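Inspection log for the structure reproduced underneath, given as structure tokens.
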Amino acid sequence: MAQVGNAKVSRTAPPGAKSDRARHERAANQTEPKIATKPRGAAAKRPSEAPSRVTSAIVFFREFLRSPAAVGALFPTSAAIGKAITSRIGLESAEFVAEIGAGTGPITKHILRTINHQRCTFFAVEINEKLAHEFRSRFPDVHLVCGDALKLRSLAQQVRGAKHRGHAGLDAVVCAIPVSLLPAAARNALFEEVAKSLKPGGWLSLITYQVPMTPKARELRRALRAHFDEVRMLPPVWGSVPPGFILQARCRPK
Ligand SMILES: C[S@@+](CC[C@H](N)C(=O)[O-])C[C@H]1O[C@@H](n2cnc3c(N)ncnc32)[C@H](O)[C@@H]1O
């Protein structure tokens, strides 16, 4: 376990290891992930001890009860949201991708299915230690930073720097942090940090459950427009309860 500022970086494989692709694909294809390798520093788990989606949902629900505003949802994100939020942002050709507010990883599965594992560096950020622990049990091969997405640039630099010296611009950021529940100042600080962490032309894709015509939803789109050049909304995701709305934003390519 390495230290990034206050954050802990879990790296279960040496950067650039040839087996990265196979392991990531295996993780992406697991509906009920098997623990093939143990997280560094943790006791080895037999596959029968791997957390199921039900146990992950229970951990998630408990963490919601402990801090409802930060966790922002009663249950993990649905597969329908996972599919929609990872669409149309060029993940297939991306070289550097981050997921912020990864929770127990239901969106991560879709990212891992979409990225090209030979060319893309991917890492996830989760602020809640219990959820981060759950995530690591489910995805032992994914880089997970237990830290604050408000420090995204320095986290990205740290992750990327280990593999490709210097360059830390992200092609895409997938965000499930409950941005519409954040105070305006915190939400704006997050958008500013994400905008600065992206390459020109890179996309932020986020989920909100605010119905589009409500004042809160309008305010959210206004805040996005203040930090990005282009903001669009995908068709509603009806396959989720409640229905979700995906907002995508980017600064123009230069
Ligand atoms: C609505 S939940 C969704 C999580 C994940 N998609 C899932 O379904 O398990 C939002 C997540 O964002 C995390 N979060 C909130 N603020 C954060 C921050 N500043 N940095 C990183 N993660 C944060 C919460 O702890 C929570 O796990």
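The values are calculated or read from the model by the stated rules, or taken from the named source; none is laboratory data. All values reported here derive from a predicted model rather than from experimental measurement. Ideal geometry is used to build each Cβ from the backbone, glycine not excepted, and the neighbour counts take in all protein chains shown.
Could you list, in sequence order, the residues of the range 105-143 that are part of a loop (DSSP other than H, G, I, E, B) and not acidic (Asp, Glu)?
Those that are part of a loop (DSSP other than H, G, I, E, B) and not acidic (Asp, Glu): Gly105, Ile115, Asn116, His117, Gln118, Arg119, Cys120, Ile127, Asn128, Phe139, Pro140, Val142.
Which residue out of Leu144, Leu198 is under 30 Å from Val54 (Cα atoms), in contact (Cβ under 8 Å) with a residue 24 or more places away in the chain and in contact with a Lys or Arg (Cβ under 8 Å, 6 or more places away or on another chain)?
It is Leu144.
Which pairs do you get when a residue that is over 15 Å from Asp171 (Cα atoms) and at pLDDT 95 or above, found in the range 82-105, comes within reach of a residue that is away from the ligand (no atom under 16 Å from the Cβ) and not in a helix (DSSP H, G or I), reach meaning Cβ atoms under 9 angstrom, with the pair 6+ apart or on two chains?
Ala84/Leu234; Ala84/Pro235
Show the residue pairs meeting these rules: Cβ distance below 7 Å; 6+ apart or different chains; first residue within the range 173-194 and polar (S, T, N, Q); second residue more than 11 Å from the ligand (Cβ to nearest atom).
Ser180/Gln210; Ser180/Lys216; Ser180/Leu220; Asn188/Ala223
So, of the residues in the range 58-106 that are within 15 Å of Gly239 (Cα to Cα) and among the hydrophobic types (A, V, I, L, M, F, W, C), which turns out to be surrounded by the most Cβ atoms within 10 Å (Cβ to Cβ)?
The extreme case among them is Ile85.
From the list Ala172, Ala186, Ala195, exactly one residue is part of a helix (DSSP H, G or I) and away from the ligand (no atom under 13 Å from the Cβ). Which is it?
Ala195
Which condition breaks for Ala73 when tested against (1) within 15 Å of the ligand (Cβ to nearest atom); (2) modelled with pLDDT of 95 or more; (3) assigned to a loop (DSSP other than H, G, I, E, B)?
(2)
With respect to Ser154, determine if the residue is among the polar types (S, T, N, Q), surrounded by fewer than 22 Cβ atoms within 10 Å (Cβ to Cβ) and in contact with a strand residue (DSSP E or B) (Cβ under 9 Å, 6 or more places away or on another chain).
Here the answer is yes, as Ser154 does meet what is asked.
Going through the range 111-122 one residue at a time, which ones are free of Cβ contacts under 8 Å to residues at least 60 places away in the same chain and either within 11 Å of the ligand (Cβ to nearest atom) or of a type outside the set (Val, Ile, Thr) (or both)?
Asn116, Arg119, Cys120 - these are the residues of the range 111-122 that are free of Cβ contacts under 8 Å to residues at least 60 places away in the same chain and either within 11 Å of the ligand (Cβ to nearest atom) or of a type outside the set (Val, Ile, Thr) (or both).
Just checking, does the range 204-225 include any residue being within 26 Å of Glu92 (Cα to Cα), in contact with a Lys or Arg (Cβ under 8 Å, 6 or more places away or on another chain) and assigned to a helix (DSSP H, G or I)?
no
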